[in-house]
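The values are calculated or read from the model by the stated rules, or taken from the named source; none is laboratory data. Given the structure is predicted, the values throughout are model-derived calculations rather than measurements. Note that each Cβ is placed from the backbone with ideal geometry, even for glycine, and that neighbours are counted across all protein chains shown. Quick note on the areas: whole protein, heavy atoms, side chains included, nothing else; ligands and nucleic acids left out. Shrake-Rupley method; radii C 1.70, N 1.55, O 1.52, S 1.80 Å.
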Amino acid sequence: MKPLQPNRSAGFSLVELMVALVVSLVLLAGVLQILLSNRNSFSFQRDMAGLQENGRLASFVIENVVAHAGYRVELDRNDLFDAGGVFANGAFVTGTSGGADGNDSLRLRFQAGTGHDGCNGPDAGVAELPLSNLGMTDLELYVNDQNSLLCRDRSSGSVPQPIVENVARFKVTYGIDTDRDGSVNTYANSVGGANADNVVSVRLQLLLESEDNITPTATSHNFAFAYGNDFTATNRHAYQLVDQVVALRNAIP
């Protein structure tokens, strides 16, 4: 009679376990790589979308603010803009060019009701108000030390309103109508003298920079602006250039 053989326990050997562990780690590394790649792609798309949205917002606000320049209830009252000060007689736009940070500023004025704050977006049209209730609003667009574009109502002394953050450069040039036919003959980076009251359009160039590093490698960025002060940087940021010309409708006959 053949003796019975004892049952052997079924299972994996140590070598088999080690092989399975290595294969699992390789698969896990592949999955993690895909997840990291998807996360980086999502972050890039999100930051680029935010940068483009900021550009559209800045363009909309700037156009609406600048379009107020020169508004007056009595269209034949050019003497309303003869107050002098930082503005030349007859002029309703002025500004500074090429500050220490490379940014310009733009100031404009228009007739509005007492207490009007053009930085908050209300219309300047106040034809229904008595002339005694009208005043001159003086707005300024400028970039502060925190690289934010602000709108300040100098006439009311209200708190400056932020328009957009992470501004790398803000440049302003002025379309001059030298023969007073309603069209631009030349552009200048400053206004004064005989051309002070001949500005019929404003060109604004606004370069926005992403807050975070969103590109995989550092890239050289070069942006040329009118009348110099070009911007150059090598980093992992993304940039959005807003370049628009706003016609000063109140200056065109």
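Restricting the search to the range 210-222, which residues are among the hydroxyl-bearing types (Ser, Thr, Tyr) and either loosely packed, with under 12 Cβ neighbours inside 10 Å or in contact with a Lys or Arg (Cβ under 8 Å, 6 or more places away or on another chain) (or both)?
THR215, THR217, THR219, SER220
Return the residue satisfying two criteria in turn: it lies in the range 138-182 and is among the polar types (S, T, N, Q) and on the phi > 0 side of the Ramachandran plot, and of such residues it is most open to solvent (accessible area, probe 1.4 Å).
Let us first name the residues in the range 138-182 that are among the polar types (S, T, N, Q), namely 144, 146-148, 155-156, 158, 161, 166, 173, 178.
From the residues that got through so far, the ones that are on the phi > 0 side of the Ramachandran plot too are 147, 166.
Values: ASN147: 76, ASN166: 52 Å².
By that ranking, first place goes to ASN147.
Can you go through PHE60, PHE42 and tell me which one is outside any loop (DSSP other than H, G, I, E, B), open to solvent by 80 Å² or more (accessible area, probe 1.4 Å), hydrophobic (A, V, I, L, M, F, W, C) and modelled with pLDDT under 80?
PHE42
Looking only at residues that are in a loop (DSSP other than H, G, I, E, B) and open to solvent by less than 50 Å² (accessible area, probe 1.4 Å) in the range 190-209, which one is modelled with the lowest pLDDT?
GLY192
Starting from the range 210-226, keep only residues that are more than 11 Å from LEU241 (Cβ to Cβ) and part of a loop (DSSP other than H, G, I, E, B), then list their pairs with residues that are open to solvent by 60 Å² or more (accessible area, probe 1.4 Å) and hydroxyl-bearing (Ser, Thr, Tyr) whose Cβ atoms are within a distance under 6 Å, requiring at least 6 positions of separation or different chains.
ALA218/THR234
Please go through the range 139-171 and pick out each residue that is within 24 Å of ASN222 (Cα to Cα) and among the charged types (D, E, K, R).
Within the range 139-171, ASP145, GLU165, ARG169, LYS171 qualify.
Have a look at ARG180, ARG169 and point out the one that is basic (Lys, Arg) and either over 22 Å from the mean Cα position of the chain (by Cα) or over 26 Å from LEU149 (Cβ atoms) (or both).
Numbers: ARG169 fails: either over 22 Å from the mean Cα position of the chain (by Cα) or over 26 Å from LEU149 (Cβ atoms) (or both).
Answer to the selection: ARG180.
Can you pull out every residue in the range 240-253 that is open to solvent by less than 30 Å² (accessible area, probe 1.4 Å) and within 21 Å of GLU165 (Cα to Cα)?
VAL242, GLN244
Anything in the range 227-239 that is open to solvent by less than 90 Å² (accessible area, probe 1.4 Å) and assigned to a strand (DSSP E or B)? List them, or say none.
Of everything in the range 227-239, those that are open to solvent by less than 90 Å² (accessible area, probe 1.4 Å) and assigned to a strand (DSSP E or B) turn out to be PHE231, ALA233, ASN235, TYR239.
Please enumerate the residues belonging to the range 33-59 that are without any contact (Cβ under 8 Å) to a residue 40 or more places away in the chain and within 10 Å of the chain's Cα centre (by Cα).
Within the range 33-59, GLU53, ARG56 meet the criteria.
Can you name the residue in the range 141-179 that is farther than 20 Å from TYR227 by Cβ and not in a loop (DSSP other than H, G, I, E, B) and is also modelled with the lowest pLDDT among such residues?
ASP153
Quick one: count up the residues across the range 96-127 that are open to solvent by 30 Å² or more (accessible area, probe 1.4 Å), at pLDDT 85 or above and at positive phi.
Counting residues in the range 96-127 that are open to solvent by 30 Å² or more (accessible area, probe 1.4 Å), at pLDDT 85 or above and at positive phi gives 0.
Answer with yes or no whether SER132 is open to solvent by 10 Å² or more (accessible area, probe 1.4 Å), of a type in the set (Ser, Thr, Tyr) and modelled with pLDDT of 70 or more.
Judged against the criteria, SER132 is not a match.
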